[in-house]
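Rule-based calculations on the coordinates, nothing more; no lab input. These numbers were taken from a predicted model, which means no experiment stands behind them. Cβ sites come from the backbone with ideal geometry, for glycine too, and all protein chains shown count toward neighbours.
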Amino acid sequence: MVVVAIEKGQALSPIIRDSRNFALCRVGDGDPLIDRLFQAMPDHGRDPFLGLPHLSTPSMCPVPLRAAWWLDCEMIRHLDIESDHEMYVAGVHHAGKLETAPAVVRTVSRAIGKKAGPKRPLKKRAR
């Protein structure tokens, strides 16, 4: 069983409440891509995980391949106390460890950091 506290007003809160499932995962400290994506509060119009390679847990929650491990949780109780955070109590139904995470991180980081290949000059059309 896990307890998660999320600041009120986050776009994630209604998604967790409605689906009753969520995944927790551990991403590495100092991961430059994750640091860049989450250096500021998320913009509610943009999903910072969009475009990251991921796997789906048995409850169909996305987990980035950059994660070291994950927990697939089902919400048991939602506590909305008079505070600036909401609490979710959940049971853990599945867990996993990604053995290949470091290699994937290096490959994806290199691919994301690459610029497009050299531009070829445009050929003039014969008239």
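Give the residues of segment 10-31 whose amide nitrogen is closer than 16 Å to a point set 7 Å from the Cα of W69 in the direction of its Cβ. Once the point is set 7 Å along Cα→Cβ of W69, 23-29 turn out to lie under 16 Å by backbone N, inside segment 10-31.
At 0.36 nm per residue, minus the direct Cα-Cα distance, what do S19 and F49 gain on full extension? Give it in nm, one decimal, please. Mind showing how you got there, number by number?
Numbers: separation 30, 0.36 × 30 = 10.80 nm, distance 1.82 nm.
The span from S19 to F49 would gain 9.0 nm if fully extended.
Fully extending the segment from H93 to D29 would add 20.4 nm, taking 0.36 nm per residue of separation and subtracting the current Cα-Cα distance. Across segment 4-98, the fraction of Cα-Cα pairs farther apart than 22 Å, rounded to a whole number, is 32%.
In this label model, Q39 and I81 are separated by 3.4 nm, measuring between points 7 Å along each Cα→Cβ vector.
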